[in-house]
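Peer 1: Below are the structure tokens for one structure; questions will follow.
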Amino acid sequence: MKTVTLEVASREDVTRRALEAFRGKKQRARISFATPELLWKVLTAKRWQLLKAMAGQGPLTIREVARRVGRDVKAVHGDVHALLGAGLLDRTEKSRVVFPFEAIRVEFTLRAA
């Protein structure tokens, strides 16, 4: 199963992992956010619903995604573009969108202020 980890990570951690990847060390699929607040700003409840509906489904039109989640096409269009901008979705050559993972793992540590 192809899983992506959504995480909160510092720039240093991301840079360290990128350098390790360049040296040939295998890395898990990760999408990093600078803060938990940014992660939750991008992953609203409606966008999370889109990712769940798209996981493992291959390329879909925005209209098909909207049908699957029972929402207005225009509203889904806005959410899809936000997820594209955040790097969570990819666009195909045929103007479809794809979430290329079957599972999502969210990982971060909450520390005392």
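Bear in mind that the values in this text are calculations on the coordinates, not laboratory data. Since the model is a prediction, treat every value here as computed from it, not as a measurement. Cβ placement follows ideal geometry from the backbone for every residue including glycine, while neighbour counts extend to all protein chains displayed.
Peer 1: Spin-label point model (7 Å from Cα, Cβ direction): what's the Arg91 to Arg23 distance in nm?
Peer 2: Simple spin-label model gives 3.7 nm for this pair.
Peer 1: Relative contact order (percent) for the chain, with alpha-carbon contacts under 8 angstrom and 6 or more residues of separation?
Peer 2: So the answer I get is 37 percent.
Peer 1: According to a simple spin-label model (label point 7 Å from Cα along Cα-to-Cβ), what is the distance in nm between Asp72 and Thr109?
Peer 2: In this crude label model, Thr109 to Asp72 measures out at 4.3 nm.
Peer 1: Order these by the 10 Å Cβ neighbour count, fewest first: Asp72, Asp79.
Peer 2: So the ranking, lowest neighbour count to highest, is Asp72, Asp79.
Peer 1: Here is a follow-up. Tabulate in residue order the Karplus-calculated ³J(HN,Hα) for the range 4-14, using 6.51 cos²θ - 1.76 cosθ + 1.60 with θ = phi - 60°, rounded to whole Hz; enter x for Gly and Pro.
Peer 2: Values per residue, Gly and Pro as x: 10, 9, 8, 9, 9, 8, 6, 4, 4, 4, 5 Hz.
Peer 1: Run through the DSSP bridge list for the chain and note the antiparallel percent, rounded to the nearest 5.
Peer 2: Among the beta bridges of the chain, antiparallel pairing accounts for roughly 25 percent.
Peer 1: Using Stokes-Einstein with the Kirkwood hydrodynamic radius over Cα pairs, what translational diffusion coefficient do you get for the range 13-113 at 25 °C and a viscosity of 0.890 mPa s, in µm²/s rounded to a whole number?
Peer 2: 163
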